[in-house]
């Protein structure tokens with residue numbers, strides 16, 4: 001079979017190796033966003049979303065996917081493919097309003113770098129920035145050079161992050177042993193991308209992270225992970241469980257489901273189990289067990305369903321005995337307690 005393209009006024013160029021090698025992994029939405037964004041390289045996220053029939057979040061996720069695969073370089077929602085040199089030389093747009101700056105999402109950890117003259121001009125215009133730099137010096141336990149001082153100014157002036165926000169960010173980074181301004185900038189951009197741009201948002205984020213440590217320890221113990229650090233996607237899963245207020249007994253039950261139903265047990269599969277239960281309002285082991293029985297009656301399962309059928313009850317179990325034992329461990333087995341009491 002031979003296919004010949006018919007070119008009009010425009011030609012879309014795709015990076016061959018990076019795209020072909022990742023076709024199996026890429027979703028239909030990611031492919032549509034890639035094609036549209038390379039055809040209209042200055043399009044906004046809204047325009048890409050409308051053109052592809054997807055959400056803005058899907059656009060962002062797709063662009064990040066192709067950026068990580070090395071297919072494209074992305075600076076911002078309105079940015080097309082640019083070289084690293086151009087990214088580092090980018091300068092802020094003074095005519096842009098504050099509201100627009102706050103809405104803008106950066107998909108790269110490369111922020112503009114102000115010249116010494118620009119930094120001096122901004123310090124003269126806003127003397128409070130000098131106090132901010134001094135406070136950051138105290139927090140990080142070091143004297144910042146002119147470049148590092150400029151980085152603090154960029155966070156405040158370009159990303160529009162408040163002074164209290166920047167100090168809290170520096171405090172938490174320093175507490176974890178990270179005092180490099182490059183590291184702090186990278187964290188700031190990631191948080192900005194996630195919509196965490198106000199002091200109260202940052203406080204809530206760190207409270208969630210503290211609560212997540214307890215669950216992370218539990219998951220490491222269950223999976224025998226040891227000292228390996230969780231990936232960002234694994235942390236995102238755990239953060240979702242916290243947001244959904246998933247109790248420990250449901251987490252334990254989801255782990256049992258994962259071990260029984262997944263060929264390669266992991267946090268991602270366990271998250272699918274928990275997400276399915278959460279979406280169906282199954283917030284107790286009793287409800288999960290009842291839902292499973294109803295699912296069996298409705299679909300007439302006479303044997304274990306396919307391991308990919310998570311809708312069965314969030315995962316597939318080997319036998320009824322296994323599931324009942326899992327529920328008993330999480331909720332308590334009154335029949336067993338009675339028999340033990342008789343002995």
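Miscellaneous remarks
- When the alpha-carbon atoms of segment 98-196 are used, the pair Rg, Dmax equals 12.7, 34 angstrom.
- If the Kirkwood radius is taken over C-alpha pairs of segment 16-74, then at 4 °C and 1.567 mPa s the Stokes-Einstein diffusion coefficient equals 116 µm²/s.
- Residue 201 versus residue 134: modelled label distance in nm, points set 7 Å from Cα along the beta carbon direction: 3.0 nm
- Computed on segment 16-74, with alpha-carbon pairs under 8 angstrom and 6+ residues apart, the relative contact order is 38 percent.
- Difference of contour (0.36 nm per residue) and Cα-Cα distance, residue 264 to residue 183: 25.8 nm
- Cα-projected label distance for residue 211 with residue 24, points at 7 Å along beta-carbon direction, nm: 4.0 nm
- Label-point gap, in nm, between residue 236 and residue 164 - each point 7 angstrom along Cα→Cβ: 3.0 nm
All of the numbers you see were taken from the coordinates with simple rules; none came from a lab. What you see is a predicted model, and the numbers here were worked out from it, not measured in a lab. Please note: Cβ atoms are built from the backbone with ideal geometry, for glycine as well, and neighbour counts cover all protein chains shown.
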